[in-house]
Amino acid sequence: MPGMDIYPGKEDKLIYEKTSALQEIRIFDKRNGFRYMTLNGVQHGGHLPGRPERLVLPYFRSALAALIFLDQPRDYLFIGLGMGALPAFMRVVQPGARVDVVEIDPAVLETAEVWFGLNQDEKLHVTVGDGREFIQHTERRYDAVFLDAYRDLGVPSHLTTLEFMQEVKAVLKPGGVVVSNLWGSVVNLLFGACARTLQEAFPRLHQFRSYTYNYIFVAETNEAEMTPGEILSRAKKVTSSMDLGFDLVELVRKNYTPATEMEFHAEGLRDPKPA
């Protein structure tokens, strides 16, 4: 990202480390004030301490393209907490919204609260547990579900399948969307299969490129296709109604690709058949 070094470097200062039951957690500070977390040596998020209203990482910004496809969203669910940047950001820029988060590792939640300033309250709540189990049992309905659970460079397999996506679709409100953060094929051998599964589960699919190895996919439950002009117009409306701190219209112009009929040369993923 122009203007700020956001990537790990040898000169970065290690300020915290802990080995949980699931992974090795480390927190680093850069000289420019940027703080980031690594899980098993892989960077997972980063921000400027004390500035939850500012999203620095490109894929966080791309994920907010989901707002283009929603009408007056109020309820969000995040599967995977990381450092908590996006949930905290939504709590600040849309204070009336309800933000639920599911994180499997209690040590990650503790790290987000202590080192990244995540504050739970009546509008932002974190559940410690498995994301799929939460989806299967919740009675709440959401405008958007953000899928950002990772184990090293891969998404846990039970959070990638068509059956799981159908379960996610069931907790969406009418017109809701699913936002999936995927490492690209350079580092993720299942990138194409994950994207193909989203195509199979949802009628419309949109891809937003990041300037890291990440791609953000927004999967719609709506059948109707938006023209490129309509997408830009709605991006402009979001930018004018919500202080995102960046130009969503310019992000769409540079990074958007229709993906409903994109060829991924892979088969969709399925739950294992019972023995």
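The values are calculated or read from the model by the stated rules, or taken from the named source; none is laboratory data. Keep in mind that this is a model prediction, so the values were computed, not measured. Backbone-built Cβ (ideal geometry, glycine too); neighbour counts: all protein chains shown.
Pairs are defined by a Cβ separation below 9 Å, a sequence spacing of at least 6 or placement on different chains, a first member in region 161-174 that is under 12 Å from ALA144 (Cα atoms) and modelled with pLDDT of 95 or more, and a second member that is of a type in the set (Phe, Trp, Tyr) and crowded, with 16+ Cβ neighbours inside 10 Å; the pairs so defined are LYS169/PHE202; VAL171/TYR142; LEU172/TYR142; LYS173/TYR142. Could you tell me whether LEU244 is closer than 16 Å to LEU70 by Cβ, touching a residue at least 12 places away in the same chain (Cβ under 8 Å) and either out of contact with any strand residue (DSSP E or B) (no Cβ under 9 Å at 6 or more places or on another chain) or surrounded by fewer than 16 Cβ atoms within 10 Å (Cβ to Cβ) (or both)? In short, yes.
Taken together, the residues in region 1-54 that are out of contact with any strand residue (DSSP E or B) (no Cβ under 7 Å at 6 or more places or on another chain), hydrophobic (A, V, I, L, M, F, W, C) and crowded, with 18+ Cβ neighbours inside 10 Å amount to 0.
Which one is nearest to ARG51 (Cα to Cα) among residues in region 240-264 that are part of a helix (DSSP H, G or I) and in contact with a helix residue (DSSP H, G or I) (Cβ under 8 Å, 6 or more places away or on another chain)?
Step one: of region 240-264, the residues part of a helix (DSSP H, G or I) are 240-241, 248-255.
Then drop every residue that is not in contact with a helix residue (DSSP H, G or I) (Cβ under 8 Å, 6 or more places away or on another chain), which leaves 248-249, 251-253, 255.
On the way: LEU248: 19, VAL249: 23, LEU251: 21, VAL252: 24, ARG253: 27, ASN255: 25 Å.
So the residue we want is LEU248.
Scanning region 138-166 for residues that are surrounded by fewer than 19 Cβ atoms within 10 Å (Cβ to Cβ) and either among the β-branched types (Val, Ile, Thr) or touching a strand residue (DSSP E or B) at 6+ places or on another chain (Cβ under 8 Å) (or both) turns up THR138, ARG140, ARG141, ASP152, LEU153, GLY154. Of all residues in region 191-231, those satisfying the criterion of being within 18 Å of the chain's Cα centre (by Cα) and surrounded by fewer than 17 Cβ atoms within 10 Å (Cβ to Cβ) are TYR211, THR212, TYR213. Taken over region 216-239, the criterion of being modelled with pLDDT of 95 or more, closer than 25 Å to ARG91 by Cβ and in a helix (DSSP H, G or I) is satisfied by ARG234, ALA235, LYS236, LYS237, VAL238.
Residues are listed down the side, and each one gets a yes or a no for (1) among the hydrophobic types (A, V, I, L, M, F, W, C); (2) outside any loop (DSSP other than H, G, I, E, B); (3) out of contact with any strand residue (DSSP E or B) (no Cβ under 8 Å at 6 or more places or on another chain):
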residue	(1), (2), (3)
PRO95	no, no, yes
VAL102	yes, yes, no
LEU109	yes, yes, no
HIS125	no, yes, no
GLU133	no, yes, yes
GLN136	no, yes, yes
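From VAL102, VAL42, which residue is of a type in the set (A, V, I, L, M, F, W, C), more than 14 Å from VAL179 (Cβ to Cβ) and modelled with pLDDT under 95?
On the way: VAL102 fails: modelled with pLDDT under 95.
Answer to the selection: VAL42.
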